[in-house]
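All remarks here apply to the structure that follows.
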Amino acid sequence: MKVVQNLVPTNKYSIKCPYPMDAEFIVVHNTANDAPAANEVAYMIRNNNSVSFHYAIDDKEIVQGIPENRNAFHAGDGGNGKGNRKGLSVEICYSKSGGQRFIQAEKLAAKFIASKLKEKNWGIDKVKKHQDFSGKYCPHRTLDMGWQRFLNMIKTELNSLNKPKGGNNMANNNTPSTWAKEAWEWAKKEGIMDGNRPKDNMTREEFATVIHRLYKSGKLR
Ligand SMILES: [Zn+2]
């Protein structure tokens, strides 16, 4: 996925991301603000508070402010807290007022988180909320709208990333499922279907061709 980088300069590492990190999970936040992702990151870099995050996501883009191999201060669980030392933080923008741009930001965040899970070979159990670490009601609007609903959005994205692509070059695409084997072999033997790509989708014209062949074969009468 396309990620815009505006990384904190190394002379601010001591304030924003003092520790090397090998991330173990993702921590989801809402900004409780109405600024776009680029502004959230620029502001985070500009100020001198020990508050930081890896990614901010709005309805249009993903902006990275801290490298993934450094920690960030976002989880409210202190300098040695698991959230702050092992969590890859994702801020979803526009949560203060919500509306369509927040809905879209959440969608992009779900896509991004799914691609991260796939990249790191992590399951959905690696997606945590800020609330898990400090009790703060964050990501507030995502929680209001339903945490499980957001996890399901991520799962849907993850499933579509993991789905094998259609096409006759896929080895496992050329073997029918056990439950379909008998019907598949029959359709092939009778010349109703050509016996290729058993797991591919069927188009309307292919369907018409199949029933036409079946009709002409006389097997319906
Ligand atoms: Zn938070």
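The values are calculated or read from the model by the stated rules, or taken from the named source; none is laboratory data. Remember, predicted model here, so these are calculated numbers, not experimental data. Virtual Cβ from ideal backbone geometry, glycine too; neighbours counted across all protein chains shown.
Here are some notes:
- Test: residue in segment 198-221 that is at pLDDT 95 or above, out of contact with any Leu (no Cβ under 9 Å at 6 or more places or on another chain) and not in a helix (DSSP H, G or I): no
- Residue that is farthest from the ligand (Cβ to nearest atom), among those in segment 67-97 that are farther than 18 Å from ASN33 by Cα, part of a loop (DSSP other than H, G, I, E, B) and within 22 Å of the chain's Cα centre (by Cα): ASN69
- The lone exception for ALA187 - which of (1) surrounded by fewer than 15 Cβ atoms within 10 Å (Cβ to Cβ); (2) without any contact (Cβ under 8 Å) to a residue 24 or more places away in the chain it fails: (1)
- Hits in segment 5-54 - residues which are in a loop (DSSP other than H, G, I, E, B), within 16 Å of the ligand (Cβ to nearest atom) and β-branched (Val, Ile, Thr): THR31, VAL51
- Summed over segment 134-153, the residues that are touching a residue at least 40 places away in the same chain (Cβ under 8 Å), part of a helix (DSSP H, G or I) and either more than 15 Å from ALA105 (Cα to Cα) or not assigned by TED's automatic domain parsing to the domain that holds GLY76 (or both) give a count of 1.
- Top-ranked residue in segment 98-133 [being assigned to a helix (DSSP H, G or I) and within 16 Å of the ligand (Cβ to nearest atom); ranked as nearest to ILE26 (Cα to Cα)]: ILE113
- Applying the set (1) surrounded by fewer than 15 Cβ atoms within 10 Å (Cβ to Cβ); (2) within 16 Å of the ligand (Cβ to nearest atom); (3) of a type in the set (Lys, Arg) to LYS2 leaves exactly one unmet item: (2).
- The set of residues in segment 16-41 being more than 24 Å from GLY146 (Cα to Cα) and aromatic (Phe, Trp, Tyr) consists of TYR19 alone.
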